[in-house]
Amino acid sequence: MIDCTLKNKVLNEVDAKMKKNWIEKKAEDVTVPPNLMDYQKVYQSFQWDSVSKQFEGLPSTGLNIAHEAIDRHANGLLAGKTALVWLGENGERRTYTFLEMKKLSAQFANVLISLGISKGERVFTLSTRLPELYIAALGTLKNRSVLCPLFSQFGPEPILQRLVRGDAKALLTTKALFEKKIRPLLEELPQLRYVFLIDVEEDESEQIRSLSCLMKNASDVFDILPTDPEDMAVLHFTSGTTGMPKGVVHVHKAIYTHWMSGHYVLDLHPDDIYWCTADPGWVTGTSYGIITPWLHGVTNIVDEAEFDATRWYRILQDERVTVWYTAPTAIRRLMRLNSNPLEEYNLSSLRLIQSVGEPLNPEAVIWGMEKLKLPIHDNWWQTETGGIMIANLISQQIRPGSMGRPLPGIEAGIVMHNDDGSVTEITEPNKEGELALRPGWPSMFRAYLHNEEKYANSFVGGWYLSGDLAYKDEDGYFWFVGRADDIIKTSGHMVGPFEVESTLMEHPAVAEAGVIGKPDPLIGQIVKAFVSLKTGFEPTEELRRELIGFGRKRLGTAVAPKEIEFQQSLPKTRSGKIMRRLLKAREMGLPEGDTSTLED
Ligand code: ATP
Ligand code: MG
């Protein structure tokens, strides 16, 4: 079990300061009545069965994501409502109603059928965030084929690996991406029957087809065949932060979790304008960039372009975004600019900001309060969990630095590993251990692709083990400590990198920090921090010394970084997570391992 004496000591010392930062919610803070007012009451009485009432079910029997997200709205009062607002990289703006999305996705489903792509077969996408990507995603689900979205900036090798491992039968992509990344691989992909090119007008061959030609000849009526809620729907690869990305299998029934978390965490209401900044190449961009807003019949913004501070503030302003789901890496990039967005932009429509993907430093929550007049709500989940599991809620107190509390229907615990391989729940508060969930929530992954053993090993003693370390406070708020792989053992203490990184970020010069344990013969590991600076600060020896002193004062000598190295920017996954394993490998001159998801 992990030694917690140090943690508790630090906690007591900073307790008063932390509590001072807790953010209470008042009636005047919310502009619409939140879907969840009384956390305890809802948590205690919640039944998953109650969510089934939110769905219509297929006329042909069963449950299909695309029917619940699009068709049932298109068949009813929301037919003419805008489902998708698409913002092109070059300033173009297109909108699609629920009825249009129904018809277009029906056409794509008919294309698949006409080419003999059937239930359970894998349809991959490799495209920037174009409308066709969203249409194809829905059409694939309608056809009961399996959707596997890839990030368009992957290089050829990671693409090849995933197409082979995922047994791709069809791939939707653009001409440019095809020429650069796919054509050279075709000989190695004998199972790939079709490539659909979004932006060419004519078929090249039986295999390389023009999407628009195929769509032109396809009917816009498609009756979804019976779909078992347990049928495989989506295949997603993990971010590769800790090692080789894993293929994770999800089923149609996952929409129970999506609907529930859209209701309680994203607090979706019919008039919301919702923007999730994630790419569907990561699970957030699919679960919450495609499925969840449409399950709620909400208008969904999709921006084709990559991060750009000015562009993002403009989108929030011009599209009158009300609910914004983004990630710590983006928030830190906004913070780095040292600007005052409210002086330049009218963000008065914005009422809720949620964040996921990495620990959200308390400093970022506070920044939101100061600069956007809204706190940023952290929530926790994984590709494996399929949907949000732990969250800060719009109506509830926020404890900056905490991931929040488990959602209704989700039982989370902290467990310790025993020598005999079993696990025991730690019920005492403020003790670190592995974050675990009781299996059985609807969006729980059903397999690791081609790795039954790894899947089986993720479940021990009636828990799903997340691989993350955390602790739970007296009031049931969960606090992230670090990934099990990233924990640092120094002079007999266990140090979680998140705590050290967050402290460094409190210094006005620090934009980002990544902390590792560097092997040391005397004390096991030395805490070493890699730091990138905010605009306007220089990486001088004086600043380095100042930061070391700053760390010591706040964290104590045992936990504070002994070494600090400045870097222009830290290595991150394309989904924006700091890759500590890479910082460590580079520090030690070791092989870098799988870098398929490393940002350029
Ligand atoms: P891989 O499993 O391939 O190493 P990954 O774990 O980064 O990659 P994802 O499933 O995309 O792949 O990310 C889930 C992980 O992200 C969580 O296990 C956790 O470590 C981290 N994470 C997500 N949200 C939060 C959060 N709010 N606070 C802290 N960590 C978070
Ligand atoms: Mg993981």
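The values are calculated or read from the model by the stated rules, or taken from the named source; none is laboratory data. In this text, all values refer to a predicted model and were calculated from it rather than measured experimentally. Counting neighbours? That spans all protein chains shown, and the Cβs are built from the backbone with ideal geometry, glycine included. Side chains are part of the model used for accessible areas, which takes the heavy atoms of the whole protein and leaves out ligands, DNA and RNA. Shrake-Rupley method; radii C 1.70, N 1.55, O 1.52, S 1.80 Å.
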Q: Quickly run through the range 487-501 and pick out the residues that are open to solvent by 10 Å² or more (accessible area, probe 1.4 Å) and within 28 Å of residue 535 (Cβ to Cβ).
A: 498, 499
Q. What about residue 235, is it touching a Cys at 6+ places or on another chain (Cβ under 8 Å) and open to solvent by less than 10 Å² (accessible area, probe 1.4 Å)?
A. yes
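Let's see how each residue does on (1) under 25 Å from residue 329 (Cα atoms); (2) open to solvent by 10 Å² or more (accessible area, probe 1.4 Å); (3) within 16 Å of ligand 2 (Cβ to nearest atom):
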| residue | (1), (2), (3) |
| --- | --- |
| 239 | yes, yes, yes |
| 242 | yes, yes, yes |
| 245 | yes, no, yes |
| 249 | no, yes, yes |
| 264 | yes, yes, no |
| 295 | no, no, no |
| 309 | yes, yes, no |
Q. Does residue 460 fit the bill of being in contact with a His (Cβ under 6 Å, 6 or more places away or on another chain) and away from ligand 2 (no atom under 14 Å from the Cβ)?
A. no
(Q) Among the numbered criteria (1) without any contact (Cβ under 8 Å) to a residue 60 or more places away in the chain; (2) within 20 Å of the chain's Cα centre (by Cα), which one does residue 489 miss? (A) (2)
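So, residue 446, is that one basic (Lys, Arg), within 30 Å of residue 146 (Cβ to Cβ) and open to solvent by 10 Å² or more (accessible area, probe 1.4 Å) or not?
Working: basic (Lys, Arg): yes; within 30 Å of residue 146 (Cβ to Cβ): yes; open to solvent by 10 Å² or more (accessible area, probe 1.4 Å): yes.
Judged against the criteria, residue 446 is a match.
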Q.
If I filter the range 307-317 for residues that are among the hydroxyl-bearing types (Ser, Thr, Tyr), outside the structural domain of residue 499 (by TED's automatic domain parsing) and at pLDDT 95 or above, do I get at least one hit?
A. yes
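What residue, of 546, 563, 542, is open to solvent by 50 Å² or more (accessible area, probe 1.4 Å) and in contact with a Lys or Arg (Cβ under 8 Å, 6 or more places away or on another chain)?
Values: 546 fails: in contact with a Lys or Arg (Cβ under 8 Å, 6 or more places away or on another chain); 542 fails: in contact with a Lys or Arg (Cβ under 8 Å, 6 or more places away or on another chain).
Answer to the selection: 563.
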Q.
Restricting to the range 67-118, and then to whatever is more than 12 Å from residue 221 (Cα to Cα) and of a type in the set (Ser, Thr, Tyr), can you tell me which residue is most open to solvent (accessible area, probe 1.4 Å)?
A. 114
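Can you confirm whether residue 256 is closer than 17 Å to residue 355 by Cα, open to solvent by 10 Å² or more (accessible area, probe 1.4 Å) and among the aromatic types (Phe, Trp, Tyr)?
Against the criterion (closer than 17 Å to residue 355 by Cα, open to solvent by 10 Å² or more (accessible area, probe 1.4 Å) and among the aromatic types (Phe, Trp, Tyr)), residue 256 does not qualify.
Could you tell me whether residue 575 is in the same structural domain as residue 502 (by TED's automatic domain parsing), in a strand (DSSP E or B) and of a type in the set (S, T, N, Q)? First the steps, then the outcome.
Values: in the same structural domain as residue 502 (by TED's automatic domain parsing): yes; in a strand (DSSP E or B): no; of a type in the set (S, T, N, Q): yes.
The answer is no for residue 575.
Can you give me the ranges of the strands (runs of 3 or more DSSP E) entirely in the range 460-553 with at least 3 residues that are touching a helix residue (DSSP H, G or I) at 6+ places or on another chain (Cβ under 8 Å) and closer than 30 Å to residue 339 by Cβ? Steps first, please.
Values: elements: 463-472, 478-483, 488-490, 493-495, 510-520, 524-533.
In the range 460-553, the matching strands (runs of 3 or more DSSP E) lie at 510-520, 524-533.
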Q. Only one of these conditions is not met by residue 369: (1) of a type in the set (A, V, I, L, M, F, W, C); (2) touching a Pro at 6+ places or on another chain (Cβ under 9 Å); (3) buried (at least 21 other Cβ atoms within 10 Å of the Cβ). Which number is it?
A. (3)
Q. Of the residues in the range 462-483, how many are near ligand 1 (Cβ under 9 Å from one of its atoms), over 12 Å from residue 436 (Cβ atoms) and surrounded by fewer than 22 Cβ atoms within 10 Å (Cβ to Cβ)?
A. 1
Q: Could you tell me whether residue 542 is free of Cβ contacts under 8 Å to residues at least 12 places away in the same chain and not basic (Lys, Arg)?
A: yes
Q: Being part of a helix (DSSP H, G or I), among the hydrophobic types (A, V, I, L, M, F, W, C) and over 25 Å from the mean Cα position of the chain (by Cα) is the filter here, so list the residues in the range 99-124 that pass it.
A: 99, 104, 106, 108, 109, 111, 112, 113
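From the list 449, 437, which residue is in the same structural domain as residue 244 (by TED's automatic domain parsing) and touching a Pro at 6+ places or on another chain (Cβ under 9 Å)?
Values: 449 fails: touching a Pro at 6+ places or on another chain (Cβ under 9 Å).
One residue alone meets the criteria, 437.
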Q.
Kindly evaluate residue 521 against the criterion of being without any contact (Cβ under 8 Å) to a residue 40 or more places away in the chain, open to solvent by 30 Å² or more (accessible area, probe 1.4 Å), outside the structural domain of residue 306 (by TED's automatic domain parsing) and touching a Phe, Trp or Tyr at 6+ places or on another chain (Cβ under 7 Å).
A. no
Q.
Can you tell me which of (1) surrounded by 16 or more Cβ atoms within 10 Å (Cβ to Cβ); (2) farther than 19 Å from residue 235 by Cβ; (3) at pLDDT below 95 is the one residue 213 doesn't meet?
A. (3)
Q) Pick from the range 311-356 the residues that are among the β-branched types (Val, Ile, Thr) and touching a Gly at 6+ places or on another chain (Cβ under 7 Å): which of them is most open to solvent (accessible area, probe 1.4 Å)? A) 329
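Among 287, 339, which is among the polar types (S, T, N, Q) and within 16 Å of ligand 2 (Cβ to nearest atom)?
Values: 339 fails: within 16 Å of ligand 2 (Cβ to nearest atom).
Only one candidate passes the filter, namely 287.
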Q.
Regarding the range 443-454, can at least one residue be identified that is on the phi > 0 side of the Ramachandran plot, away from ligand 2 (no atom under 16 Å from the Cβ) and not small (Gly, Ala, Ser)?
A. yes
Q: Just name the residue that is farthest from ligand 1 (Cβ to nearest atom) out of those in the range 372-383 that are out of contact with any Lys or Arg (no Cβ under 8 Å at 6 or more places or on another chain) and open to solvent by less than 20 Å² (accessible area, probe 1.4 Å).
A: 372
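Looking only at residues in the range 138-159 that are buried (at least 17 other Cβ atoms within 10 Å of the Cβ) and at pLDDT below 95, which one is farthest from residue 201 (Cα to Cα)? Write out each step before concluding.
Pass one, the range 138-159, residues buried (at least 17 other Cβ atoms within 10 Å of the Cβ): 138-154, 158-159.
Next, from what is left, pick out any that are at pLDDT below 95: 151-154, 158-159.
On the way: 151: 24, 152: 21, 153: 24, 154: 25, 158: 28, 159: 25 Å.
Out of the qualifying residues, it is 158.
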Q | Tally of residues being open to solvent by 10 Å² or more (accessible area, probe 1.4 Å) and of a type in the set (A, V, I, L, M, F, W, C) across the range 395-411 | A | 0
